[in-house]
Each structure stands twice: as C-alpha cells, then as structure tokens.
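Below: the structure, in structure tokens.
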Amino acid sequence: MMLSVNREQKLNISFIALLFILPAVALSMDEPFYITLMTKVVILAMAGVGLNLALGLGGLISFGHAAFFGIGGYAAGILATHYMNDELLFSAFGYEYFGTDNMLAIWFAAMFVGAIAAIIIGYFSLRTKGVYFIMITLAFAQMIYYFAIAWPTYGGEDGLSIYVRNNLFDLNTLDPIIFYGICLSLLLLVTFLVSTLRNSHFGSALQAARQNEQRLASVGIRPFGIQLTAFVISAMATALAGALFADLNRFVSPDMLSWHTSGEIMIFVILGGVGRLFGPILGAAMFIVFEYYLGGITEHWGLFLGIALLAVVLFARGGIVGVIAGEVKHD
Amino acid sequence: MATLLDVKGIQTFYGQSQALFDVNLKVREGQVVALMGRNGMGKTTTIASICGMSRIAKGAIYFNDVDVSKMASHKIAQLGIGLVPEGRRCFANLTVNENLLVAARDGQTHLKHWDLQRVEALFPRLAERHAQNASTLSGGEQQMLAIGRALMTNPKLLILDEATEGLAPVIRQEIWRAVRILKDEGQSILIVDKTLKELLPIADHCIVLERGETVFDGEPTGLTQAVQNQYLGL
C-alpha cells in the first residue's frame with residue numbers, strides 16, 4: 001500500500017477539518033446555536049454511518065432504522081428519568097436499580113438494547129430479500145412505534161422529558177461545545193470502526209454477499225451470519241446516535257421511532273453517497289442545511305430536498321461524495 | 001482409491017420440468033473426471049445439485065461418505081468442495097486480493113496448502129493486478145481469479161464448470177497448464193469442458209450425459225468415435 005491520498009480521502013480529511021473548525025468559529029463568535037446545529041448534524045450523521053454499514057456495504061435496505069434510533073433514545077430517556085425521580089427501574093437478586101445519569105452506562109444500555117432488537121428483527125427480516133426486506137423492517141419499526149405511543153408509563157404519545165443533561169466524567173455536558181466534542185469524538189470513533197470493518201475479511205465477505213449470496217456460499221461462508229452481524233452492528237451505531245439525540249434535545253418521543261425518521265436516515269446515506277465512508281456525514285450536513293436555511297424561507301423546504309434527492313438518484317449514483325471524488329477506487 | 005464423490009441416480013427438477021433423470025458419477029481421490037454432453041443435457045444442473053444450489057428429488061449424493069443432498073451450500077463448501085462456476089463469477093467490486101482472501105480457509109487435505117502466494121505463483125497475472133477491482137480484469141484473468149478463489153478454500157474436490165469457454169487460445173492454454181499442474185499435485189477435479197482435444201488427455205475417467213441421464217461411464221479410451229458422434233455431436 002502506498003501512502004498516496006486519493007480524492008475521496010482528501011475530501012474526507014477536509015471534512016473532518018471542517019467539523020473541528022466550524023464550531024470553533026461559532027464559539028469565537030459566541031453563537032452557541034450553530035454549535036447545537038452542528039451537534040445535530042454529527043448525531044444524525046452517526047445514525048447514517050450506522051445505516052450505511054447495512055445499506056451501503058451489505059445492500060440491506062433497512063427501512064426500519066428509526067426503531068434502533070428510537071430505542072437508543074428511549075434507553076437514555078428511561079434510565080435518566082428513573083435516576084432523576086429516584087424511581088425503581090427493576091430489582092433482581094435483592095439488587096435494586098434506579099437508573100443512571102452516567103453517559104457511559106447509558107450509551108452501553110442503548111447499544112445493548114439496540115443490539116437485542118436488531119438480532120430479533122434481523123433474524124426474521126434477513127430471511128426475505130428485496131422489497132420484502134424493506135417492508136418487513138418497516139413493519140417491525142412501526143410495531144415499536146405504536147407500542148411507544150400506547151405505553152403510558154413513559155409518556156406515550158407525549159414523549160418523555162429529561163430535565164438535566166446526563167454526565168460524563170466531570171465535564172460540563174450542558175456546555176454546547178463540550179457536548180459537541182463528546183458527540184464528534186464518538187462519530188469519529190464509530191466511523192473509524194466502520195472503516196476498519198470495511199477493510200477486514202468480514203467487510204469483504206459482506207460486500208461479496210451483497211453482490212451474490214450463492215457465490216459466497218460456494219466458498220463456504222454462510223451469508224446469513226455475515227449479514228445479521230452487519231445488521232446488528234449497524235443498529236448499535238444508530239442506537240448510540242439515538243441516545244445522544246435524546247440527550248441533545250433532553251426529550252424523547254415516538255417521533256424518533258416513526259417511519260419519517262427511517263426515511264430521513266436513509267436520505268442522509270443516499271444524498272451523501274451509498275457505501276461511501278463519509279457519505280452519511282455529508283448527507284446529514286446537507287439535510288440540516290436544507291432544513292434550517294430553506295426551512296427559514298419556506299415551509300415547503302422538503303420540496304427542494306426531494307428535488308435534490310431525485311437529482312442524486314437520477315444523475316449521481318455515488319451521491320455528493322461520488323460527484324466530488326469520482327467513482328469508488330481501490331489504491 | 002477411496003471414493004470422494006458419489007452421485008447415485010439423482011433426479012432434479014426446475015419447478016415442474018425435470019432436468020435430471022438418472023445421473024450417476026463417481027470421483028475417486030486424486031482423479032480427474034470429465035463430465036461431458038451437449039448443451040442442455042444436464043451438466044450444470046448436476047453440478048448445481050452437488051453444490052446444494054438445486055435440490056434433488058430422488059437419489060443421493062455422498063461426499064466423503066457424508067450425505068450432502070439436503071445440506072446448505074455453504075456447509076457443502078466447508079466440507080471441501082470448491083466450485084468454479086460457469087461464466088467467471090467473481091465479486092466484481094472487490095479487489096483481486098480481497099476476492100482471494102475472502103475465500104481463504106484451512107481445508108483438511110493432504111495436498112499442499114493454498115495461500116495467496118501459491119495462487120499468485122500459479123497465475124502470475126493475478127499478482128500483477130492484486131489491488132485492482134475484479135470488474136476491471138479481462139475475461140481470462142477473471143477466470144483465473146475464480147479458480148484461485150476456489151483453490152483458496154483448499155478444497156478436496158475442485159469443480160470446474162466450462163472454465164475455458166469463450167477465452168482466447170493463449171489464455172485457454174494458461175488455464176489448461178494450471179489444471180495439469182493441479183492434477184500432478186494430486187488434486188481431485190470434476191471438470192466440464194467442450195474442448196475434447198485438451199480434456200481427454202487429462203481425464204482419468206469420463207462421464208457422458210444425455211437428456212439428464214448417464215449414458216457413458218468409463219475411461220477416455222472407451223470414448224470411441226461412435227460414442228462421440230452419438231452423444232457429443234462431433
């Protein structure tokens with residue numbers, strides 16, 4: 001391998017730089033709002049990076065990733081609410097658990113519950129292909145959505161408010177720039193892990209399964225196992241993003257679980273570039289820019305998003321990353 | 001020599017239409033068996049049945065005395081059947097190296113172990129193109145890659161389905177040279193090919209299919225001109 005840097009890597013590096021520079025500028029201009037906006041980009045991007053592992057590398061078109069996003073959010077909300085109200089969450093073997101406001105524990109819980117849900121959903125969904133897979137993942141997500149609406153303990157349709165931000169070490173997590181730093185670190189970590197996975201034996205097998213499952217089986221690898229693993233890891237990343245999103249808004253509602261959210265996460269991936277490492281990050285950034293700036297001009301900003309999406313699907317299959325950096329290249 | 005693969009009177013259907021009526025064949029350890037017959041006589045269906053991609057309705061398939069007829073494809077591959085499918089089926093979006101490494105597996109054979117270096121020594125062109133996407137390879141190079149990929153699983157039995165079809169003469173010679181090297185090393189091979197001139201000298205045993213039935217089962221010398229005229233359309 002040479003140390004030369006191709007165009008996509010250059011793009012990625014400059015984008016990472018922007019993720020550091022823009023908030024610094026906002027900070028120096030004393031505009032915390034923009035830091036919060038960037039935080040939203042970073043969190044939504046993480047959900048997209050998660051989906052991109054399943055969708056981009058595995059070809060698994062999950063239209064139910066909102067389930068994992070929302071489950072992560074509710075995991076954070078429920079743990080924090082119990083801790084805040086000093087209410088018993090569960091007791092086992094004489095040990096009583098009252099929730100937590102420790103971010104590390106919350107992240108772990110979000111990913112754990114997300115993984116369990118993904119194992120169940122994936123186990124059934126992966127037996128189907130194509131449009132059936134899309135529909136069954138959607139159906140599972142909708143089931144969880146309606147369950148959340150009908151569950152009065154945690155707010156039902158009204159959602160669940162978290163009155164304080166959760167804690168990490170001794171950081172002041174309510175300071176926008178600190179919370180941004182936490183989210184950005186996690187995004188970079190998740191992206192790095194996905195990139196490592198992509199270049200591993202597992203990553204090759206996953207891409208091979210996308211291209212032809214039978215061909216993969218004929219070299220002795222069971223596509224189902226590879227795809228389920230990818231689906232679960234993908235869900236865990238999205239659940240982690242959900243937990244952060246709940247912490248950012250200090251509010252969780254069934255909206256996070258709705259199919260609109262699944263669609264939005266998918267839009268990040270498609271806009272940015274399916275299967276491109278930084279695709280979802282660019283996609284999420286573009287989505288937020290549309291939502292915020294065009295949303296300020298007209299309430300029909302979704303129309304322009306739709307046109308942009310159509311343009312990408314029709315004329316630029318590699319998304320924005322594809323347009324800037326060209327086709328996928330191997331060194 | 002011990003029987004490696006034993007296909008006993010299999011029948012296979014595609015939906016309602018029956019493709020195989022009574023196919024019998026044996027591959028013994030270290031043998032090269034040629035599976036012959038005109039187009040549409042059931043060669044590829046036989047291979048698909050052996051590899052678990054088509055389910056047999058009747059009969060039995062034993063590999064190393066294990067009944068594989070109801071096994072999933074990946075399990076059969078894990079037992080030691082390495083398939084080089086018809087039509088050079090590589091993973092187009094993976095690089096040459098990735099295509100090979102994704103298949104790498106320790107097969108329990110007494111043969112010399114296959115790894116990246118040995119595959120690249122067998123097909124030096126693959127070494128030159130190791131970081132290239134498989135989709136950018138020529139047809140012949142893709143065929144070499146498909147063979148290399150099957151070898152990386154360290155198979156007890158290598159199945160080659162029309163490995164030289166549609167390739168330039170120079171490339172075909174390179175593939176045949178590789179097949180001869182494999183035979184000399186003691187690799188058991190089941191091979192489908194239309195070029196008898198190359199196939200017959202290499203084969204230890206020939207099977208001819210006609211309308212989904214085994215109609216000839218014997219040494220290449222028994223494949224007289226009359227038999228060839230009748231069943232191979234030559």
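The values are calculated or read from the model by the stated rules, or taken from the named source; none is laboratory data. The model shown is predicted, which means the values in this text are computed figures rather than measured ones. So basically every Cβ, Gly included, is an ideal-geometry build from the backbone, and we count neighbours across all protein chains shown.
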- Message: When the residues of the range B:146-165 are narrowed to those that are more than 9 Å from chain A (Cβ to nearest Cβ) and out of contact with any strand residue (DSSP E or B) (no Cβ under 7 Å at 6 or more places or on another chain), which ends up nearest to B:LEU79 (Cα to Cα)?
- Response: B:ASN154
- Per the list (1) in contact with a Phe, Trp or Tyr (Cβ under 8 Å, 6 or more places away or on another chain); (2) within 14 Å of chain B (Cβ to nearest Cβ), residue check on A:ASN199 breaks on (1)
- Flag if B:ALA19 is more than 14 Å from chain A (Cβ to nearest Cβ), surrounded by fewer than 20 Cβ atoms within 10 Å (Cβ to Cβ) and more than 23 Å from B:LEU223 (Cβ to Cβ): no
- Query: Which one is farthest from the other protein chains (Cβ to nearest Cβ), of the residues in the range B:45-67 that are over 15 Å from B:LEU25 (Cα atoms) and of a type in the set (A, V, I, L, M)?
  - Reply: B:ALA57
- Query: Checking A:ILE61 against (1) crowded, with 24+ Cβ neighbours inside 10 Å; (2) closer than 17 Å to A:PHE140 by Cβ, which test does it fail?
  - Reply: (1)
- Message: Residue under question is A:VAL42, and the condition is that it be more than 23 Å from A:GLY203 (Cβ to Cβ) and β-branched (Val, Ile, Thr); does it hold?
- Response: yes
- Task: Of the numbered conditions (1) more than 14 Å from chain A (Cβ to nearest Cβ); (2) touching a residue at least 24 places away in the same chain (Cβ under 8 Å); (3) more than 17 Å from B:LEU158 (Cβ to Cβ), B:LEU122 fails exactly one; give the number of that condition.
- Result: (3)
- Query: Which residue, of B:GLN132, B:GLN117, is within 14 Å of chain A (Cβ to nearest Cβ), at pLDDT below 95 and surrounded by fewer than 18 Cβ atoms within 10 Å (Cβ to Cβ)?
  - Reply: B:GLN132
- Query: From the list B:VAL7, B:VAL32, which one is at negative phi and in contact with a helix residue (DSSP H, G or I) (Cβ under 6 Å, 6 or more places away or on another chain)?
  - Reply: B:VAL32
- Task: Name the one entry in A:ALA205, A:ALA230, A:ALA246, A:ALA209 that is in a helix (DSSP H, G or I) and either over 30 Å from B:ALA150 (Cβ atoms) or charged (D, E, K, R) (or both).
- Result: A:ALA246
- Task: Quick one: B:MET71 ticks every box in (1) within 13 Å of chain A (Cβ to nearest Cβ); (2) of a type outside the set (Ser, Thr, Tyr); (3) in contact with a Lys or Arg (Cβ under 7 Å, 6 or more places away or on another chain); (4) assigned to a loop (DSSP other than H, G, I, E, B) except a single one, so which number is it?
- Result: (3)
- Hits in the range B:207-227 (condition: more than 23 Å from B:ALA19 (Cβ to Cβ) and either in contact with a strand residue (DSSP E or B) (Cβ under 9 Å, 6 or more places away or on another chain) or modelled with pLDDT of 85 or more (or both)): B:GLY218, B:GLU219, B:PRO220, B:THR221, B:GLY222, B:LEU223
- Counting only residues that are aliphatic (A, V, I, L, M) and free of Cβ contacts under 8 Å to residues at least 40 places away in the same chain, which one in the range A:175-192 is surrounded by the fewest Cβ atoms within 10 Å (Cβ to Cβ)? A:LEU189
- Which listed residue is within 12 Å of chain B (Cβ to nearest Cβ), in contact (Cβ under 8 Å) with a residue 60 or more places away in the chain and out of contact with any helix residue (DSSP H, G or I) (no Cβ under 7 Å at 6 or more places or on another chain), from A:PHE251, A:PHE224: A:PHE224
- Any chance the range B:78-98 includes a residue that's within 21 Å of B:VAL27 (Cα to Cα), without any contact (Cβ under 8 Å) to a residue 60 or more places away in the chain, facing chain A (nearest Cβ under 8 Å) and part of a helix (DSSP H, G or I)? yes
